[in-house]
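The values are calculated or read from the model by the stated rules, or taken from the named source; none is laboratory data. Everything quoted here is computed from the prediction, not taken from an experiment. When we count neighbours, we look across all protein chains shown, and the Cβ atoms used for this are built from the backbone with ideal geometry, even at glycine. We work out accessible area using only protein heavy atoms, side chains counted, and drop any ligands, DNA or RNA first. Shrake-Rupley method; radii C 1.70, N 1.55, O 1.52, S 1.80 Å.
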Amino acid sequence: MIKVSRIWDYSLRSVIYIASKWEMVKIKDISEDQHISESLLRRLVATLEKAWILKTIKGRNGWVMLARKTEE
């Protein structure tokens with residue numbers, strides 16, 4: 001069994017959740033559905049955006065989507 005940190009777990013769960021929706025998702029919705037702190041999730045999303053995994057639309061709602069197609 002592979003042990004992963006809590007941050008890796010939250011990151012993977014978030015990316016999988018976003019990929020399953022096939023559309024832009026609010027950070028608040030991810031936070032509620034995945035039971036992740038919204039402030040922690042915002043920091044994770046910023047890191048994933050710098051790695052070109054996610055695209056974001058900044059604002060009050062904080063929309064997120066995958067930066068590439070799921071086939072890639």
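Could you list, ordered by first residue, the pairs with Cβ atoms under 6 Å in which the first is in the stretch 24-39 and within 13 Å of Ile7 (Cα to Cα) and aliphatic (A, V, I, L, M) and the second is open to solvent by less than 60 Å² (accessible area, probe 1.4 Å) and part of a helix (DSSP H, G or I), at least 6 apart or interchain? Close Cβ pairs satisfying both conditions: Ile36/Tyr10. Counting only residues that are within 17 Å of Leu66 (Cβ to Cβ) and either of a type in the set (A, V, I, L, M) or outside any loop (DSSP other than H, G, I, E, B) (or both), the stretch 19-41 holds 12 of them. Taken as a whole, the condition of being at pLDDT 90 or above, charged (D, E, K, R) and surrounded by 11 or more Cβ atoms within 10 Å (Cβ to Cβ) applies to Lys26. Close Cβ contacts (under 6 Å, 6 or more residues apart or on different chains) running from residues in the stretch 45-69 that are among the small types (Gly, Ala, Ser) to residues that are outside any loop (DSSP other than H, G, I, E, B) comprise Gly62/Ile27; Ala67/Leu54; Ala67/Lys55. Quick check: anything in the stretch 5-18 in a helix (DSSP H, G or I), in contact (Cβ under 8 Å) with a residue 40 or more places away in the chain, aliphatic (A, V, I, L, M) and open to solvent by less than 30 Å² (accessible area, probe 1.4 Å)? Yes - at least one qualifying residue is present in the stretch 5-18.
For (1) in contact with a strand residue (DSSP E or B) (Cβ under 7 Å, 6 or more places away or on another chain); (2) surrounded by fewer than 16 Cβ atoms within 10 Å (Cβ to Cβ), each residue gets a yes or a no:
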position	(1), (2)
Ser31	no, no
Leu44	no, no
Glu49	yes, yes
Leu54	yes, no
Asn61	yes, yes
Val64	yes, no
Lys69	no, yes
